[in-house]
1. Go through the stretch 82-99 and give me each residue that's more than 16 Å from the chain's Cα centre (by Cα) and not in a helix (DSSP H, G or I).
2. Where residues in the stretch 1-22 are assigned to a loop (DSSP other than H, G, I, E, B) and in contact with a helix residue (DSSP H, G or I) (Cβ under 8 Å, 6 or more places away or on another chain), which of them is modelled with the highest pLDDT?
3. Kindly establish whether residue 102 is in the same structural domain as residue 149 (by TED's automatic domain parsing), part of a helix (DSSP H, G or I) and in contact (Cβ under 8 Å) with a residue 24 or more places away in the chain.
4. Would you check if there is a residue in the stretch 121-139 being without any contact (Cβ under 8 Å) to a residue 40 or more places away in the chain and farther than 24 Å from residue 98 by Cα?
5. Return yes or no: is residue 152 surrounded by 11 or more Cβ atoms within 10 Å (Cβ to Cβ), at pLDDT 85 or above and assigned by TED's automatic domain parsing to the domain that holds residue 139?
6. Looking at (1) part of a helix (DSSP H, G or I); (2) at pLDDT 90 or above; (3) within 23 Å of the chain's Cα centre (by Cα), which is the only condition residue 182 fails?
7. Working carefully through the options 90, 82, find the one that is assigned by TED's automatic domain parsing to the domain that holds residue 135, touching a helix residue (DSSP H, G or I) at 6+ places or on another chain (Cβ under 6 Å) and surrounded by 17 or more Cβ atoms within 10 Å (Cβ to Cβ).
8. Looking only at the stretch 23-44, which residues are crowded, with 17+ Cβ neighbours inside 10 Å and either assigned to a helix (DSSP H, G or I) or in contact (Cβ under 8 Å) with a residue 60 or more places away in the chain (or both)?
């Protein structure tokens, strides 16, 4: 249910057990009736739910029911506690290169043993100013803090939302490993950046870096 808003998720959870009318949903959910009707209209337009029978009742479409059941099965076997929603943006000069980059990201994530992938939504490509762009919206869990650091560095998400848990306790060895990973990554980045800079650019960079705050 990664494409739902919070209220739409509540509606979907209620419809997972059985079809319900708008009145039944209103009676069981703390959502104003006008807002509930707007969400139902949007979900119908997005083909997430359907309306049939008499009296008419709303129900989830089959592919959404299957997706929810699949996620539940994954969650039951998932050994990791930290759950995330992340967006990775991709851009290329040609659509075929864009598709190739997206597939490479998906394949790489699938091979990673420190993540559990619940769902990947691929946005349709958009052409703008001579470039093609798209994004992946991921719902995944991570083994530990070190895995999160690697995810942030190697996959470069533009946004990350922590879904659970509400509180995280880090083991000392996990924190140590993560800090060392970060140090190595920063050093590698700095070395590459410095090698690409000219002598006068490097001098200006050093001067600006150590300039005292006003």
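1. The answer is 91, 92, 93, 94.
2. Residue satisfying both the conditions and the ranking: 5.
3. yes
4. Checked the stretch 121-139: no residue is without any contact (Cβ under 8 Å) to a residue 40 or more places away in the chain and farther than 24 Å from residue 98 by Cα.
5. yes
6. (2)
7. 90
8. Passing the criteria: 25, 36, 39, 40, 43.
The values are calculated or read from the model by the stated rules, or taken from the named source; none is laboratory data. Computed from a predicted structure; not experimentally measured. For neighbour counting, all protein chains shown are included, and Cβ atoms are generated from backbone atoms with ideal geometry for every residue, glycine included.
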